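Just so it is clear, none of the values below were taken in a lab; they were calculated from the coordinates. In this text the structure is predicted, and so the values were computed from the model without any measurement. Cβ placement follows ideal geometry from the backbone for every residue including glycine, while neighbour counts extend to all protein chains displayed.
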Amino acid sequence: MNFTMKMTLAAFACLVCVGANAQEKKYPEQERMRPGMSEYWTPQPKVITPGDIKTNSAPSDAIILFDGKDLSAWESARGGGPAEWDVHDGVFTVNKKKGDILTKQSFESFQLHIEWCVPENITGTSQGRGNSGVFLQDMYEIQILDCYNNETYVNGQTGSVYKQTPPLANAMRKPGEWNVYDIIYTAPVFKEDGTYRVPPHVTVIHNGVVLQNNTTILGTTEYIGFPKVKKHGAGKIRLQSHGDPSEPISFRNIWIREM
Ligand code: MG
C-alpha cells in the first residue's frame, strides 16, 4: 500500500467515524402541540350585563351621564355651576344662551354612547344647520351637524374629527329622527417635552356605520388654524352650544364606559 492509498483509507475511516457519531447524537424532538398548550383561563374578563335591546338601556358597568331625568352629571363650561340646558320629555335640548356643558367627571380612554336629534323644523345651510359637537377629553371635537341633504366641507361633516379627518360615510337620519354615536376613544400618551409618544385615536360608529376607524387624532380641532399638540391628562366630555342661528338639537341616553 502506497502513501496515497493509506491517506485515502484514513480519510474514509474518519468520515465513517464522524457519520457514526452524528447518528449517535440524539436531541429531543419538539413536543407535539396539543390544543390546551395555547389556551389560558385567567384572569377572567369581568361579567357585564349588556343593555336591554328593547329598552335601549346601558350596560351594567356604564357611568350614566343622562338617563332622561336631569343634568346632574353635567356642569356649565362657563366656570362651573349647573348645566342649564333644557330638560324635557326624557331628553335635553341645547340652550344657546347658556354656552357649552361639560361632564363633572374626567375620563381617560372610554366608550361613549350618545344619541342626538336634529329638530324636524331645522333651517340653515352648511355649518349653520344643527351644529354641535362632542369634545373628547375637552380637546378633540367629533362634529355633530345636520348633514341630511346639507353639504359642507367634508372635514367638517357629521362624524368628522373636526377640520382633520372626514367621515368614511354619511349615515345621517333625517331631521326629527334620532341619531346614535358610539365613540371609542384611546387617550394619548405624552413625552416629557409635551409631544405625543402615542397620539389619541378614535373610532366613531354612527347609526351602526363606521365613520372613523381607529383614526389618529393629530391635535386640537381648531376652527382657525392647524391642530395643536397640548399636553393634558384625564378630561371631561364637552357638548357644544354652537353660535349658529338654527334651531337647537336635543340629546338623550348618554352613557360612558371607562377602558
Ligand atoms: Mg361643532
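The 3J(HN,Hα) values that the Karplus relation (6.51, -1.76, 1.60; θ = phi - 60°) gives for the stretch 110-127 are, in residue order, 7, 10, 10, 10, 8, 10, 9, 9, 8, x, 4, 8, 4, 10, x, 9, 6, 6 Hz. Gly and Pro appear as x.
Hey, what angle do you get for helix 3-24 against the long axis of the chain, alpha-carbon based, 0 to 90 degrees rounded to 10? For 3-24 against the chain, the angle is about 40 degrees.
Residue separation of His88 and Asp70 scaled by 0.36 nm, minus their Cα-Cα distance, works out to 5.6 nm of gained length. Packing here is the average count of other Cβ atoms within 10 Å per residue, and on that basis the peptides 227-235, 197-205, 111-119, highest first, run 111-119, 197-205, 227-235. Estimate the FRET efficiency between Gln44 and Lys228 by the formula 1/(1 + (r/R0)^6), using the beta-carbon distance for r and 45 Å for R0, to the nearest 0.05. Efficiency for this residue pair is about 0.60.
If you take the C-alpha gyration tensor of the stretch 53-133, multiply each eigenvalue by 5 and take the square root, what semi-axes do you get, largest first, in whole Å?
Equivalent-ellipsoid dimensions as semi-axes: 22, 18, 13 Å.
Which one, Gly36, Gly156, Gly51, has the greatest fluctuation when you compute a Gaussian network model over the chain with C-alpha springs under 10 angstrom? Of the options given, Gly36 has the highest mean-square fluctuation. Taking amide H as placed 1.01 Å from N in the peptide plane, Arg129 has its amide H under 5 Å from the amide H of Asp146, each at least 5 places away in sequence or on another chain.
Near Leu102, within a Cβ-to-Cβ distance under 13 Å, what is the net charge of the other residues, with Lys and Arg +1 and Asp and Glu -1?
Values: positive: Arg78, Lys98, Lys104, Lys236, Arg238; negative: Glu75, Glu84, Asp100, Asp138.
Surrounding charge for Leu102 is +1.
Can you compute the equivalent ellipsoid semi-axes for the chain, i.e. the square root of 5 times each eigenvalue of the Cα gyration tensor, sorted largest first and rounded to whole Å?
61, 23, 18
Could you give the dipole magnitude of the stretch 23-169 about its Cα centre, charging the beta-carbon of Lys and Arg +1 and that of Asp and Glu -1, in debye to the nearest 20? Walk me through the numbers on the way to the answer.
Working: 14 positive and 20 negative charges, 63 e Å.
Value, rounded to 20: 300 debye.
Annotation note: chymotrypsin sites (Phe, Trp or Tyr not before Pro) in the stretch 169-259 located in DSSP loop regions with a Cβ neighbour count of at most 10 within 10 Å are Tyr223. Comparing Val47, His113, Asn95 along the charge dipole axis of the chain, the residue lying farthest to the positive side is Val47, per the Cβ-charge model. Projecting the Cα positions of Met172, Leu218, Val161 onto the charge dipole of the chain (unit charges on Cβ atoms of Lys, Arg, Asp and Glu, taken about the Cα centre) puts Leu218 furthest along the positive direction. Near Asp100, the amide H atoms lying under 5 Å from its own belong to Ala77, Ser241; only residues 5 or more places off or on other chains count, and H is placed 1.01 Å from N.
Based on C-alpha pairs under 8 angstrom that are at least 6 apart in sequence, the stretch 68-258 has a relative contact order of 31 percent. The dipole here belongs to the chain: it is taken about the Cα centre, uses +1 on the Cβ of Lys and Arg and -1 on the Cβ of Asp and Glu, and is about 920 debye. In order along the stretch 52-68, the Karplus-derived 3J(HN,Hα) couplings, from 6.51 cos²θ - 1.76 cosθ + 1.60 at θ = phi - 60°, round to 6, 5, 7, 9, 6, 7, 7, x, 5, 9, 6, 8, 7, 9, 6, 10, x Hz, and Gly and Pro are given as x. Taking Phe110, Phe66, Phe226 in turn, the Gaussian network model of the chain (Cα-Cα springs below 10 Å) assigns the largest fluctuation to Phe226.
Counted by Cβ distance under 13 Å from Trp85, the other residues give a net charge of +1, where Lys and Arg count +1 and Asp and Glu count -1.
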